[in-house]
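A short worksheet on the structure shown next.
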Amino acid sequence: MGIIIGRKRRCSCSAPREDHHLLLLTFFVAILLQKAVVESTTLNYTRHRQTSTLRLERISKHLNKINKPHVLTIESPDGDRIDCIHKRKQLALDHPLLKNHKIQKMPTEMPKGMKVKKEENDNSTSEVAWQMWHLNGTRCPKGTVPIRRSTVHDVMRAKSLYDFGKKRSRVDSLSRRHDAPDILSGNGHEHAIAYTGSSQEMYGAKATINVWDPSIQVINEFSLSQLWILSGSFDGTDLNSIEAGWQVSPELYGDNRPRLFTYWTSDSYRATGCYNLLCAGFIQTNSRIAIGAAISPVSSYDGNQYDITIVIWKDPKVGNWWMSFGDNTLVGYWPAELFTHLADHATMVEWGGEVVNSRTNGQHTFTQMGSGHFAEDGFRKASYFRNLQIVDTDNSLSSVQSISTLAENTNCYDIKSYYSNEWGTYFYYGGPGNNPQCP
């Protein structure tokens, strides 16, 4: 079990002189340098490279900006530190478009047929995936939200400070029909996805996804399973996207554990948006769910299967895009002010897996998607999305009746869709990556 770090003490001291500031800065940078060296030798996923004093100063400034003052810190068994931060002090409200934003406590309406699970009754006994930091047994106080603390080595693993917490810009496009999904060629990303898109207006989506811990070959690759809510042009600079699911990303988190994640952009992944709560945007309202924290337990081959349910939908009156996790537990929302096209409605929804193939040594990556097994292996062996639904113009959840599927290289990763009364529209997907048919 972890330990609890107590409340910070406040000091009403007078401001130090300028020379004291310089001494303190020099001392702090020296500590950061020493810490970075230690971390680079103890953490397998940390990039081994020299770090200048100037870069560490910039990293320190950025961390001070995104790691807000906390009232309590909970140490997770996996090494994460979860800071309990007052709702009004969270990073989201630093966004220039949200300066006068009043936090919405609850959606004005839920999608028809969906009931909210009250936070005070969160002690679920059903066999679903939860989060590893809960093993500590301590919860964040009322009025605060749990935020995974970012560290020096988190930033150092990124290509640059600018790239920390961001997806690569999607500037290339695949020659395709106008209604095909956001799939790119030549950028090293490979997919196995299902999608639906038509003239029908969509206001949200739902899916239940089982959670695995796929192996990742190199640090700058990842494997994720998610849903996308999309609107705008795939070939332009105005694509709006809201995303959520689970991912394994050594570069972002420093380990190989599957973690709950979110993402958003309003300009095709160029300047706006980020993963999780690493920039101003997503407003968290729940004190039990930590975005970016490890999910536990996970599914095992031919053994117990653990899944998560994610629903994202637009509040029909206020316009904010809400997210629920698990048994309809509200996590928070993306304010309508963040978007252009999604300020209205979505034009496409995607579900499925994505990996990065960096072709180390000229070969296809061994990074796995889903469980690491092909779709044909089926239940308890392959990864799945089940009970695919969309939110329609009437704010009703309805089963997806028709989906298209796409996988760029079925010898590496594939997808097969089905329908049943219990699982509705569902599919198996994934694969091992490199194999004799995928060299």
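The values are calculated or read from the model by the stated rules, or taken from the named source; none is laboratory data. Treat the numbers as computed from the prediction; the structure is a model and nothing was measured. Here the Cβ positions follow ideal geometry from the backbone for every residue, glycine too, while neighbour counts run over all protein chains shown. For the accessible areas, the whole protein counts, side chains as well, though only heavy atoms, and no ligand, DNA or RNA atoms are used. Shrake-Rupley method; radii C 1.70, N 1.55, O 1.52, S 1.80 Å.
General remarks:
- Enumeration of residues in the stretch 103-116 that are modelled with pLDDT of 90 or more and more than 24 Å from the chain's Cα centre (by Cα): T108, E109, K112
- Criterion applied to S287, S233, S223 was being touching a residue at least 60 places away in the same chain (Cβ under 8 Å) and surrounded by fewer than 20 Cβ atoms within 10 Å (Cβ to Cβ), and the one residue passing it is S287.
- Positions within the stretch 215-269 being among the acidic types (D, E) and over 23 Å from L388 (Cα atoms), in sequence order: E221, D235, D238, E251, D255, D267
- One residue stands out among those in the stretch 121-162 that are open to solvent by 10 Å² or more (accessible area, probe 1.4 Å), under 13 Å from A290 (Cβ atoms) and aliphatic (A, V, I, L, M): the one that is modelled with the highest pLDDT, which is I147.
- Which listed residue is closer than 26 Å to T393 by Cβ and not small (G, A, S), from N256, N320, N304, N286: N320
- Tally, over the stretch 321-346, of residues that are modelled with pLDDT of 95 or more and either crowded, with 21+ Cβ neighbours inside 10 Å or within 15 Å of the chain's Cα centre (by Cα) (or both): 15
- The set of residues in the stretch 237-251 being open to solvent by less than 20 Å² (accessible area, probe 1.4 Å) and either of a type in the set (A, V, I, L, M) or in a loop (DSSP other than H, G, I, E, B) (or both) consists of L239, I242, A244, V248, S249.
- A single member of N395, N357, N361, N411 is crowded, with 21+ Cβ neighbours inside 10 Å and over 19 Å from the mean Cα position of the chain (by Cα), and it is N357.
- Long-range neighbours under 6 Å by Cβ, at least six apart or interchain, first residue of a type in the set (F, W, Y) within the stretch 357-386, second part of a loop (DSSP other than H, G, I, E, B) and open to solvent by 50 Å² or more (accessible area, probe 1.4 Å): F366/Q217
- Scanning the stretch 212-235 for residues that are hydrophobic (A, V, I, L, M, F, W, C) and part of a strand (DSSP E or B) yields L224, L227, W228, I229, L230.
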